[in-house]
Every structure is written in structure tokens, then in C-alpha cells.
Number of protein chains: 2
Amino acid sequence: MHQTFNAAIELNLLHANQEGADHNREHFDRWGITCLNLMSSPGAGKTVLLEQTLAALKDKFEMAVIEGDMTTELDADRLRKYDVPVIPINTGRSCHLDSKMVAGGIHTLEHQYNPTDFDLVLVENVGNLVCPAEFEVGEHAKVALLSVTEGEDKPLKYPVMFQEADCLLITKTDLAPYLDIDLERLTANVRQMNKDVTIIHVSAKTGAGLSQWFDWVGDRLKQNQASLARQI
Amino acid sequence: MHQTFNAAIELNLLHANQEGADHNREHFDRWGITCLNLMSSPGAGKTVLLEQTLAALKDKFEMAVIEGDMTTELDADRLRKYDVPVIPINTGRSCHLDSKMVAGGIHTLEHQYNPTDFDLVLVENVGNLVCPAEFEVGEHAKVALLSVTEGEDKPLKYPVMFQEADCLLITKTDLAPYLDIDLERLTANVRQMNKDVTIIHVSAKTGAGLSQWFDWVGDRLKQNQASLARQI
């Protein structure tokens, strides 16, 4: 968010985005889709997590990916190998996905596929620990990633991301022995921002923690489907 | 930058910021100060680089730091130990420093210190690989940091930062043996964005490359002072 704007512009902007996000979520709900929004700093491991998630869960759930990047389809190309629909969105100079951009992705899903076929849409946001947390895109849950290389002070310095997250993946735990990071302090700092967030430690390299993440995804999906069934 | 804005608002915003940046630079020039703007993703090592720079150069140059963070004075407190003026700016929800915020820091420098005493002002921006590159704050040179843990694709995916940088520090090189990073590919990707940027590989842990960085700072300062002398 750019503090240079006056409060009225900022309020209008977030209000319009929220309306768009609610509208996107109505689409997902109608089709029985659960949507997760993955957010982190650049290089924390969102794409490799998605690769491993698609590989592990693609026989269990019907999945699609909405892939946000400022430029390039490098990440989209990595994910297409897993034989699931990957819808790329280039944000240009924008530092985050907003609900309007994701609406474009939903439009593609609706017109190029049969949207009721899908159980799960995974959104990979632009790498940024600040703004993506403020711009809801229609997701049912927010997943934040923080690499152990980023340091234990980050939850205090970038509070919104940690306050908003439903699940926090502490990634690259295989590197912890080579760093001075204090993982207990990191956990305490996360808890200071958000006492309820599920924290999972993972390593894409060793596979540690991944089954716990897959279980979380499955549980979140079941929970969402049960909630939708009650509404009908 | 938020693409949700219309082009007119965006242009006004960047224009107003640029005017403020030019004004800030006039102040620095009048006082004979060289200003460097340090930018990177969260956790790439800006603060530790500043700690080592203050320790190494404080007997050689008179330095001050303008320290940007969304919240907290954690980084400012780390730097105050080096007995140089540290002026904290909390950006609140803003994902970058803008020229107006830095003008506030310059005001403090002017009224609490004797600004002509200083040779070098180091600005530590908010951790974000996107927006800080678009919002000039009055610096004479932009310094970007990219940690080896972030991956070799980042210059392609976050082009503006790499296009704008005058000096790029590849940090945490001591971790490279534990990663799958291809450093030659990384360099090629940087060069694709910016053929002139100075690239320095550093490790805060082993000290590798730091003397090259200190030399770059000294050279940049001399170059700026020579340029100012010609203008008088």
C-alpha cells in the first residue's frame, strides 16, 4: 500500500478490491471450489511447494493454479509439467495480485474448462511480504511462507502478513543448521502476531513436514465443503 | 505499484514523488552528502551489511542512517550501537519509502545535527523487491541486494529492481554450497536486465567480498564529490 495516497483514495481502493474478492469467492463457492492464496517474499519457496503439492495430491483432488508474476511465465511453465491447468497472470508493475486480476483468471477457468470439475484452486501471489496480505482475491484461506533464511524478526517487522495468515509454512528448514536463526524466538514472534495460525515446518529438499502440509490442505478443503453444504 | 489505479493517478503519484526526490537530492548536494538507497527482499541482509559498513568505515567517513521499516525500531536499535545517527521512519502500511518520508528524515538530520558534517547517508528501505525500485528518495545511487537463497530467476521475474540498481550485492554466498543455485545463470540473468551494474558477491558470515563493497562505497563518494565540485 502506498501511503502517498490520501485516505479516501485508499479506502475506495480497498473497498473496490474487497467487493471483487467477495464476487470471486461466490464463483468458487458455486462451483464447489476451495481457493488458497499463497504469499511470501521472493524466493521463499512458493513454486517448489506448489510443484510438490501438485505431484502429491493430483490423484486425490482436481486442481488448477492461478499463477501471478510481474513478468515471465517461468513459474507457470514449471507447474504445467504436472498436467493441471495453470492460468498465468502477469501483473506488470503491480506488486501483488488484486481481485480484478484474479477475476480474469476465473474467467479463463470458466470458459476454457468445466469449473465444477475442480476441488482446489491454488493462487501463487507475487513475491512480496507486504501488499498481498492486504488485497484479498476471493480465497477461502491465506497461506504464508517464511524461509528460515529471512530471520526470526520478520513477523514483528511485517505484521500484516502474519496477522492475516491461516497457515504459515516455515520453509527451507534444512538450511537452519547453517544459520544463526533462533526458531523458538521465531515461533514466539509469530504467536505475538497471531495466536491461531497453524505453523508447519517444511523442507522441500528433505521432504520434512510436507505430509503435514498436505493434510492441512485436505482438512481445509473438507471443512470448506462442509460449510458450503450447510449453506445449501 | 498498484495497477488498480488509473494511469492519471499513477502518473501524478510518481511525478510528485520524483519532485520530492529531486528536492531531497538538492539538500544532500548542498551539504556535500552522498546518499545511497539500499533495497532488497526481506531478509536478504541489508541490516547486517549496514552494521559491517558502519563498523568498517566510521573512522573514514561521517555517516548517518535513515532506517525504513513498516513497524518497530528493531533494525534502528541494531545500528545505533555503531554510534552514528540513526533516524527511524516507520512506513505503517506502506511497502516502501517515498521521497516525502525521507524528507522527514532529512529534516531531522538538519535540525538535530549539523548536516554539513556528514559525508554519507545510507537509506535502508523496506524489504520489498518491487516498489522501492520505483520510488526514488533523493539518492545518488541505488544498491540492491539479492540473497543466493532467493534463486537465479529473480532478475527476470522482478526486472525493475535489477534495471535500476547501480550496484548489486549477491549476499549469503557462504550458503551457496547447500543450495542448487546456478551462480553463472544468475549473473547472466542480471546482465540481461542491466549490462552496467556492478556485481559484488559477499558473505556477512565469512567477510568475503566486503572489502570490494567498501571500495565501491568510497569510489562512489569520491565520484559524487568530484561531480559536485565541478558544479560549483
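Just so it is clear, none of the values below were taken in a lab; they were calculated from the coordinates. No experiment lies behind these values; they were computed from the predicted model shown. Using ideal geometry, Cβ is built from the backbone for each residue, glycine included, and neighbour counts are taken over all protein chains shown.
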>> Considering only residues that are within 20 Å of B:Gly127 (Cα to Cα), surrounded by fewer than 19 Cβ atoms within 10 Å (Cβ to Cβ) and more than 11 Å from chain B (Cβ to nearest Cβ), which ones fall in region A:164-181?
In response: A:Glu164
> Cβ-Cβ below 9 Å, separation at least six or inter-chain, first residue in region A:206-223 and more than 11 Å from A:Ala141 (Cα to Cα), second among the acidic types (Asp, Glu) and part of a helix (DSSP H, G or I): which pairs?
Replying inline: A:Thr206/A:Asp174; A:Ala208/A:Asp174
> Considering B:Thr187, B:Thr149, B:Thr198, which residue is within 11 Å of chain A (Cβ to nearest Cβ) and β-branched (Val, Ile, Thr)?
Replying inline: B:Thr149
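What are the residues in region A:87-104 that are more than 11 Å from every other protein chain (Cβ to nearest Cβ) and either surrounded by fewer than 23 Cβ atoms within 10 Å (Cβ to Cβ) or more than 18 Å from the chain's Cα centre (by Cα) (or both), if any?
First, pick out the residues of region A:87-104 that are more than 11 Å from every other protein chain (Cβ to nearest Cβ): A:87-88, A:102-104.
Selection gives A:Ile87, A:Pro88, A:Ala103, A:Gly104.
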> How about region B:27-75: which of its residues are in contact (Cβ under 8 Å) with a residue 40 or more places away in the chain, more than 14 Å from chain A (Cβ to nearest Cβ) and either assigned to a strand (DSSP E or B) or of a type in the set (Asp, Glu) (or both)?
Replying inline: B:Asp29, B:Thr34, B:Cys35, B:Leu36, B:Asn37, B:Leu38, B:Glu62, B:Met63, B:Ala64, B:Val65, B:Ile66
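Report whether or not A:Val126 is at the interface with chain B (Cβ under 10 Å from one of its Cβ atoms) and touching a helix residue (DSSP H, G or I) at 6+ places or on another chain (Cβ under 9 Å). Quick ask: steps written out before the conclusion?
Values: at the interface with chain B (Cβ under 10 Å from one of its Cβ atoms): yes; touching a helix residue (DSSP H, G or I) at 6+ places or on another chain (Cβ under 9 Å): yes.
Yes, satisfied.
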> Can you pull out the residues in region A:133-146 that are surrounded by fewer than 21 Cβ atoms within 10 Å (Cβ to Cβ) and at the interface with chain B (Cβ under 10 Å from one of its Cβ atoms)?
Replying inline: A:Glu134
